[in-house]
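Novice: Here it is, the structure, as structure tokens.
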Amino acid sequence: MLRALAPLALLVVLFALLAPAASALQYPNTTFNYTTEFNEAITHLWDRLLFWATVVFVIVQVGILYIIFKFKARPDSPEPKHVHGNTTLEILWTAIPAVILAFIAVPTVKTIFMTQAKAPANALQVEVIGHQWWWEFRYPEYGITTANELYLPVGRTVNFKLNTVDVLHSFWIPRLGGKRDLISNRTNYLWMTPRDSMALKALNGSCTEYCGASHANMKFRVFTVTPAQFASWAAHQKGNAVFGVAPTPAPATLPAAPAAESTSKAGQVGPALADAAAPAPVGFVFPREQIDPSTLPTATPPASISFPAGLTGDPTRGQQIYSRSSCIGCHKISGNPMSAGIIGPNLTHYGSRYTLASAQYANTTENLVRWIKNAPAMKPGSLMPAIGTGEYNPAIKAKVTMGGLNDQQIADVAAYLQALK
Ligand code: CUA
């Protein structure tokens, strides 16, 4: 008797462990919520499948237990009666599963049609381009190209146009809905409408299709904002980076930042000049204090990449070094005519981003200088080579000598990039 009850006890324990999953919102990457019509449809479907699966499970388990005890072999039991077919039973056990499957199939097919339908015509178009291993986001309506950080207005349907320049990737923002593959020579679409309740949320996104060495590092951030905040952000992102050339002033002499600006800094730890050199009001940037800590990258660069502590860079010098280095072959910075590369992430407003290296690291000076110095050591397989003189570059299986930058030059380039607000 006790032995027969053991599996039952195990199931009870299992359910007790799984129960917290029901209070889904504690989990930063939960998909079971009602943040968009897409996720709502999926969640409803899931609830329905779970309901029918539970009904079947309970009936089957009760039946098994009943039969186990009722027809248990006893020492004086007579030989069981032999049966040869039972038409009623056979019809029943064919018909009941068919009816249950119909209950599952109808809503499933309905949800497939709904989530594969064409987006509404007035949707915000966002082109998502997968690269090994980072995300390019383009807003054709606004003339914006950015990387790894996506701003979405609540209340407006966003229609993602999914393409890849290399291998297969898969685009997924768990809290909003998805996922859908980025396929070579084919365009996929995915659309959803973030609800108003999602205003001012920072969400995780990731690649969910194995795509090579740094698949697991191919992340991105999504910031859902109000339509007004989105308009402010978009208007600024559309323009050239705001970058002044004044020498680094003492922070105490800085003019007081406008109120709107004080919440708009990307929490960077770059030179004070980055703040002082912005004559125009900086467009909306997602406020740091609103960011759920679970969406802030915590990875740290390997200790093998050393960098002198306290070495500060000069943005103006950094601009000159950057503009005559190999950086410009891959990266574009609107406003810097030398920098027109397109195969790497667009860096126009790099200083307004929270993350670097496909949202794997926080965008801090400490991380950025090490990234410039030896990117492949921070993101295995990175197409960005090691730039630091004397650094081992796994891509060419050699140390960087020709064209490498020393630590001071790297600090200068980092200061330049972080000044690009
Ligand atoms: Cu891209 Cu996995």
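Novice: Cut-off 10 angstrom, C-alpha nodes, Gaussian network model of the chain. Which of Thr316, Thr226, Thr88 fluctuates the most?
Specialist: Maximum fluctuation in the GNM of the chain, among the listed residues, is at Thr88.
Novice: Let me ask something additional. Using a 10 angstrom cutoff on alpha carbons, build the Gaussian network for the chain and name the most mobile of Gly381, Gly390, Gly310.
Specialist: Among Gly381, Gly390, Gly310, the largest mean-square fluctuation in the Gaussian network model of the chain belongs to Gly310.
Novice: Sticking with this structure for a sec: What is the distance in Å between the Cα centres of region 311-381 and region 80-130?
Specialist: Using only Cα atoms, the two centres lie 49 Å from each other.
Novice: By its C-alpha gyration tensor, with a ≥ b ≥ c as the square roots of the eigenvalues, how is region 158-205 shaped: rounded for a/c under 1.5, else prolate for a/b larger than b/c, else oblate?
Specialist: Since a/c reaches 1.5 and a/b is larger than b/c, the shape of region 158-205 is classed as prolate.
Novice: Next up: Only sites in a loop by DSSP and with at most 11 other Cβ atoms within 10 Å count here; which trypsin sites (Lys or Arg not before Pro) in region 320-398 make the cut?
Specialist: Arg324, Lys397
Novice: In the Gaussian network model of the chain, springs joining C-alpha atoms below 10 Å, which of Leu92, Leu405, Leu176 carries the largest mean-square fluctuation?
Specialist: Of the options given, Leu92 has the highest mean-square fluctuation.
Novice: For every helix of n ≥ 4 consecutive DSSP H residues, a contribution of -39,500 (n - 2.57) applies; sum these over the chain, divide by its total residues, and give [θ] at 222 nm rounded to the nearest 500 deg cm²/dmol.
Specialist: -10500 deg cm²/dmol
Novice: Of the options Val225, Phe171, Gly63, report the single residue whose Cα projects farthest towards the positive end of the charge dipole of the chain (beta-carbon charges: Lys, Arg +1; Asp, Glu -1).
Specialist: Of the listed residues, the answer is Gly63.
Novice: How high is the relative contact order of the chain, given as a whole-number percent (alpha carbon pairs under 8 Å, six or more residues apart)?
Specialist: Answer for the chain is 14 percent.
Novice: Something else now. Just going by the charge dipole of region 293-379, with Lys and Arg at +1 and Asp and Glu at -1 on Cβ, which of His331, Thr316, Trp371 is farthest out on the positive end?
Specialist: Among His331, Thr316, Trp371, the one farthest towards the positive end of the dipole of region 293-379 is His331.
Novice: From the C-alpha gyration tensor of region 57-113, pull out the three semi-axes of the equivalent ellipsoid (sqrt of 5λ each), sorted largest to smallest, in whole Å.
Specialist: For region 57-113, the ellipsoid semi-axes come out as 36, 16, 5 Å.
Novice: Relative to the Cα centre, what is the charge dipole magnitude of region 135-192, using +1 at the beta carbon of each Lys and Arg, -1 at the beta carbon of each Asp and Glu, and rounding to the nearest 20 debye?
Specialist: 220
Novice: Membrane-span-like helices in the chain: DSSP H runs reaching 15 Å or more (Cα, own axis), mean Kyte hydropathy at least 1.0?
Specialist: For the chain, where a helix must reach 15 Å along its axis and average at least 1.0, the hits are 2-18, 37-70, 87-116.
Novice: Sticking with this structure for a sec: Rounded to the nearest percent, how much of the accessible area of the chain (1.4 Å probe, protein heavy atoms only) is carbon and sulfur?
Specialist: 65
Novice: Evaluate E = 1/(1 + (r/R0)^6) for Asn185 and Thr401, where r is the Cβ-Cβ distance and R0 equals 45 Å; express this FRET efficiency to the nearest 0.05.
Specialist: Efficiency, rounded to the nearest 0.05: 0.70.
Novice: What FRET efficiency, computed as 1/(1 + (r/R0)^6) with R0 = 45 Å and r the Cβ-Cβ distance, is obtained for Val55 and Glu127, rounded to the nearest 0.05?
Specialist: According to the calculation, E is roughly 0.50.
Novice: Mind ranking 78-87, 111-120, 200-209, 62-71 by how tightly packed they are, going by the mean number of other C-beta atoms within 10 angstrom, highest first?
Specialist: Ranked from most to least packed, the peptides come out as 200-209, 111-120, 62-71, 78-87.
Novice: Rank Ala102, Tyr350, His215 by how far each Cα sits towards the positive end of the charge dipole of the chain (+1 on Lys, Arg Cβ; -1 on Asp, Glu Cβ) and give me just the farthest.
Specialist: Looking along the dipole axis, the top candidate is Ala102.
Novice: Okay, moving on. What nm value, rounded to one decimal, do you get for the distance between Tyr34 and Asp196 when each label is placed 7 Å out toward the C-beta?
Specialist: In this crude spin-label approximation the distance works out to 1.5 nm.
Novice: Express the accessible area of the chain per residue in Å², computed with a 1.4 Å probe while the remaining protein chains stay in the model.
Specialist: Spelled out: the 1.4 Å probe surface of the chain, per residue, equals 52 Å².
Novice: Treating only the Cβ of Lys, Arg, Asp and Glu as charged (+1, +1, -1, -1), what charge dipole size does the chain show about its Cα centre? Round to the nearest 20 debye.
Specialist: 420
Novice: Would you mind calculating the gained length between Ala340 and Leu65 on full extension (0.36 nm times residue separation, minus the Cα-Cα distance), in nm to one decimal?
Specialist: 91.9 nm
Novice: Mind putting a number on the dipole of region 60-125 about its Cα centre? Charges go on the C-beta only, +1 for Lys and Arg and -1 for Asp and Glu, and I need it in Debye to the nearest 20.
Specialist: Here region 60-125 has a charge dipole of around 200 debye.
Novice: Average the reciprocal distances over every distinct pair of alpha-carbons in the chain, invert the result, and give the Kirkwood radius in Å.
Specialist: It works out to 24.8 Å.
Novice: Is region 34-153 best put as rounded, prolate or oblate by its Cα gyration tensor, with a ≥ b ≥ c the root eigenvalues, rounded for a/c under 1.5, and otherwise prolate when a/b is larger than b/c, oblate when not?
Specialist: It is prolate, given that a/c is not under 1.5 and a/b is the larger ratio.
The values are calculated or read from the model by the stated rules, or taken from the named source; none is laboratory data. Source: prediction; values computed, not measured. Note that each Cβ is placed from the backbone with ideal geometry, even for glycine, and that neighbours are counted across all protein chains shown. The accessibility values were calculated without ligands, DNA or RNA, using every heavy atom of the protein model including side chains. Shrake-Rupley method; radii C 1.70, N 1.55, O 1.52, S 1.80 Å.
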